[in-house]
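Comments concern the structure below.
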Amino acid sequence: MDKNLSLLQETELFRGLSEDQVRKIFAIGRKVDFPAAATIMTEGEIGDTMYIIWAGTVEVVKTLVLAGVEEEEGLEKNKVFTRLGAEQHAVFGEIALLEEAKRTATIRAITDVSLYEIRKDAFLRLAGEDPALGYRIMYNLARIVSARLRKADEDTIKLTTALSLILKETAG
């Protein structure tokens with residue numbers, strides 16, 4: 001199997017797919033390149049593509065200030081939440097395969113990056129033609145989203161606990 005197909009097969013989103021199914025996925029996407037410092041997607045925009053990192057590293061940036069809330073002096077408006085790289089076979093933008101919704105983060109290239117891009121319409125067409133493939137990808141996608149939701153829940157509890165302790169300390 002060619003190196004690019006192997007990379008797709010090692011991606012969590014495509015686990016459990018046969019070589020033939022991975023070839024079908026490969027056939028509906030395309031390689032795209034971005035230079036270092038380029039913005040690949042912007043938080044708040046409607047998305048219809050997902051990406052797999054083949055080479056390079058990106059950062060995930062989220063806006064911390066709610067719209068309509070004045071920024072406090074010294075408060076950072078944006079926060080880098082994580083970095084994703086090719087060694088992780090990282091996938092981002094995958095929610096766009098499920099729904100037409102706003103992007104939840106901005107993704108910027110830290111290094112020159114090569115990505116594999118899959119458009120929602122091409123994916124849905126393929127999933128309709130090969131329901132077993134569509135099921136496996138949706139199952140894997142549900143597992144990925146579930147794990148991220150669980151982590152977000154844990155992070156929310158940690159932040160709520162920290163805020164409660166700070167408020168208690170300042171009140172007392």
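For the range 80-90, the condition of being modelled with pLDDT of 90 or more, part of a strand (DSSP E or B) and surrounded by 10 or more Cβ atoms within 10 Å (Cβ to Cβ) holds for none of the residues.
Taking every residue in the range 76-102 that is over 22 Å from Thr11 (Cβ atoms) and of a type in the set (Asp, Glu) and pairing it with any residue that is surrounded by fewer than 13 Cβ atoms within 10 Å (Cβ to Cβ) and modelled with pLDDT of 85 or more, at least 6 positions away or on another chain, the pairs with Cβ-Cβ distances below 7 Å are Glu100/Ile46.
The set of residues in the range 97-113 being modelled with pLDDT under 95, small (Gly, Ala, Ser) and surrounded by 16 or more Cβ atoms within 10 Å (Cβ to Cβ) consists of Ala105 alone.
Mind telling me which of the residues Ser146, Ser164 ends up being within 21 Å of Tyr51 (Cβ to Cβ), part of a helix (DSSP H, G or I) and among the hydroxyl-bearing types (Ser, Thr, Tyr)?
Details: Ser164 fails: within 21 Å of Tyr51 (Cβ to Cβ).
Within the list Ser146, Ser164, the selection yields Ser146.
State yes or no: is Arg143 surrounded by 11 or more Cβ atoms within 10 Å (Cβ to Cβ), under 24 Å from the mean Cα position of the chain (by Cα), within 28 Å of Ala37 (Cα to Cα) and not polar (S, T, N, Q)? Show your work before the answer.
Working: surrounded by 11 or more Cβ atoms within 10 Å (Cβ to Cβ): yes; under 24 Å from the mean Cα position of the chain (by Cα): yes; within 28 Å of Ala37 (Cα to Cα): no; not polar (S, T, N, Q): yes.
No, not satisfied.
Residues of the range 1-52 that are modelled with pLDDT of 85 or more, of a type in the set (Asp, Glu) and more than 14 Å from Glu117 (Cα to Cα): Glu12, Glu19, Asp20, Glu43, Glu45. Can you confirm whether Asp130 is over 20 Å from Ser146 (Cβ atoms), surrounded by 13 or more Cβ atoms within 10 Å (Cβ to Cβ) and either in contact with a Phe, Trp or Tyr (Cβ under 9 Å, 6 or more places away or on another chain) or of a type in the set (Asp, Glu) (or both)? So Asp130 passes the test.
The values are calculated or read from the model by the stated rules, or taken from the named source; none is laboratory data. The structure presented is a predicted model; accordingly, all values stated were derived computationally and were not measured. So basically every Cβ, Gly included, is an ideal-geometry build from the backbone, and we count neighbours across all protein chains shown.
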